[in-house]
1. So which of 650, 677, 685, 670 ends up being outside the structural domain of residue 153 (by TED's automatic domain parsing), in contact with a strand residue (DSSP E or B) (Cβ under 7 Å, 6 or more places away or on another chain) and under 24 Å from residue 486 (Cβ atoms)?
2. Yes or no: region 547-568 includes at least one residue that is farther than 16 Å from residue 304 by Cβ, surrounded by fewer than 17 Cβ atoms within 10 Å (Cβ to Cβ) and either at pLDDT 95 or above or within 23 Å of the chain's Cα centre (by Cα) (or both).
3. Condition check: within 26 Å of residue 153 (Cα to Cα) and at pLDDT 85 or above. Does residue 96 satisfy that?
4. Taking strands (runs of 3 or more DSSP E) that do not extend beyond region 598-674, which have at least 2 residues that are on the phi > 0 side of the Ramachandran plot?
5. Confirm whether residue 290 is under 26 Å from residue 252 (Cα atoms), in a loop (DSSP other than H, G, I, E, B) and either in the same structural domain as residue 244 (by TED's automatic domain parsing) or touching a strand residue (DSSP E or B) at 6+ places or on another chain (Cβ under 8 Å) (or both).
6. With respect to residue 84, is the statement that it is free of Cβ contacts under 8 Å to residues at least 40 places away in the same chain, surrounded by 17 or more Cβ atoms within 10 Å (Cβ to Cβ) and either under 24 Å from the mean Cα position of the chain (by Cα) or within 23 Å of residue 663 (Cα to Cα) (or both) true?
7. I'd like the full set of residues that are surrounded by 20 or more Cβ atoms within 10 Å (Cβ to Cβ) and in contact with a helix residue (DSSP H, G or I) (Cβ under 8 Å, 6 or more places away or on another chain), limited to region 508-526.
8. Which of the residues that make up region 143-152 are outside any strand (DSSP E or B) and crowded, with 19+ Cβ neighbours inside 10 Å?
């Protein structure tokens, strides 16, 4: 809870006793030198209509239940929605009620109509309290004496007017960055000023650069941060090894993708005389190099996560660290934070131990080669794999034990395909294929899950501030809709006192291999909450885990870095007093910020993938494919091909009127009676592909 929230909560709790400024300062223990800061906070709360100032200058809680706060999500048709913690579902905002709000703005709104007859609650924006975007990336459209910028963000409904003096002499069709000068309104376009010309989208990598700019990401690090990284030694010193467990003689290996360069996790496995497994998960000790409060730390916080775009990685840390001293490269001494778990033959973790350590990886293994070895043990084996063969098979055995135990307790798995896009030297897509997970992927997945749960449980019982990875129980209303949907398809799920993971797993098994499988899994996933970071342990519904965190990737995720610092301070008995008090506020702030960074990164990654998929399909116009209906909407159906490419078939392009059933996600032809539903197979022809819109258009064969 930050300062403003604390002040607001105090005024809210003392609502029956309005207080003057000096009284508030005394009761909140605010020193005189911080009075200006308190005054600033109170003015902000007044501006946001959370409190009011009475005639005799007392601050009072504003009990106005008709004004709420939320985030505005725009739509290219002019209307939008507000996502607010005050309501379980989004609030619909009609075009004439959006005021000057644009996608991503924090707003105050009032409810003007309650939901009825299947329609959402309706609201009206009363004030924009924080702008989500100060700049917009888009395509410049030139006119004789002025121009417009058409935003790449599909959630912006209006083009931005650019006067002749503010065009920077951009050419028609170029990608540009535009600074917003005004935000327009219902019947008025926003105005802007071009501050950067990216270039034409089909030249070089300008299309990817435009996405990077759109989401406020950055390839380059500030000079001061780069200098700080350059000053970090390339090799560990004798002083670095003090009070560390020396594991350099142990058989420890990394298993990653063929092209991975930031290796942040390594594993080891032994068996004791009782037949129990001694599993070691060794994670790069990034916190040894990235000191709290340093320039590197502040930049890592701002970035929140590494971003994996189709043709490049935007790392959270400079490559000197992420690919260098922090990467667990083979045959090199590296500092780590190790978790040792003793696991029995049923997958129960009998004991655990944490240690600051130093390792020297014995091999840099890949998913493809490890999987090939395990599936064909009698085949040809790479030389460096031969001495590791028995350990790899034991790893496979333990991974399957852990996986089975996880599934038995109710952990959910969704088999939605991921893709691999291969580009040529000119950044053109030349191959798209489904990325298949195999046994080696499962080994790393299960071992990392076990380490994450073990760390989260340990710190929880230490009762220390922490950043958990939570996945809250499903919303009751969404769950009920899904259960009705499943029932209409002939599947019964209990769900009387809230739905349980085992009920969903049973449903997955029942529909496995059927025509409805894809549809049910898609709707099941939509009915669940989104995972996020939180300072409060609320469990992880999807994993059926009581305690969970992200500990295993501090090179590319900021919460993992914070967790390493906390765990090391607990190990060294340094986590108490002022340090602990400071982390109470910081873990909440870092959790919220990291969740937003993660969502931003996911959208950027999806956009670059969709753009390159559309570009790839421009070479295949007129070709026919078998696909599966992946979504049914009010305006058309989406069809996904075997290689994960997805395109739309619009109803207006079919010679028939279709009725959309919102409850069952089906579309029915009025004349033919033809019904489209998720999971149906369909033969389609590629009609068009528009990379700048990230759109592929199919037609039915």
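The values are calculated or read from the model by the stated rules, or taken from the named source; none is laboratory data. Treat the numbers as computed from the prediction; the structure is a model and nothing was measured. Reconstructed Cβ throughout: ideal geometry from the backbone, glycine too, with neighbour counts over all protein chains shown.
1. Criteria check complete, one pass: 677.
2. no
3. Criteria met by residue 96.
4. Of the strands (runs of 3 or more DSSP E) lying wholly inside region 598-674, none has at least 2 residues that are on the phi > 0 side of the Ramachandran plot.
5. When the stated conditions are applied, residue 290 passes them.
6. yes
7. 511, 520, 521, 524
8. Scanning region 143-152 gives a single hit, 152.
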